[in-house]
Amino acid sequence: MDLSAATWRKSSRSGSQSDCVEVAMTENLEAIRDSKNPECVLTVDVRMFVRLVRAGRFDR
């Protein structure tokens, strides 16, 4: 997956700290990474996640 054009942002709670979690949104995915290790990215298909939640797949 090519995230080279993604606009990454960090939490306002990070303040001036350089170590933080950053997120970026694409059309269908949300990407999450640690600023200390930006090559390692977790992506979530938001539409699929919402469908699974609505279907009760995460209910106990």
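Read-outs: derived from the displayed coordinates by stated rules, not from any lab. All values reported here derive from a predicted model rather than from experimental measurement. Note: ideal-geometry Cβ built from the backbone for every residue, glycine included; neighbour counts use all protein chains shown.
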Dividing the helical contributions, -39500 (n - 2.57) per DSSP H run of n ≥ 4, by the residues of the chain yields a 222 nm value, nearest 500 deg cm²/dmol, of -4000 deg cm²/dmol
Length gained if residue 10 through residue 47 is fully extended, taking 0.36 nm per residue and subtracting the Cα-Cα distance, is 11.1 nm
The answer for GluC sites (Glu not before Pro) in the chain that fall in a DSSP coil and have at most 14 neighbouring Cβ atoms within 10 Å is 27
Residue separation between residue 25 and residue 54 times 0.36 nm, minus their alpha-carbon distance, gives in nm 8.3 nm
Among chymotrypsin sites (Phe, Trp or Tyr not before Pro) in the chain, those in a DSSP loop whose Cβ has at most 10 other Cβ atoms within 10 Å are 58
Distribution output for the chain: share of Cα-Cα pairs per 5 Å bin in percent, first bin at 0, values 4, 17, 23, 18, 15, 13, 8, 2, 0
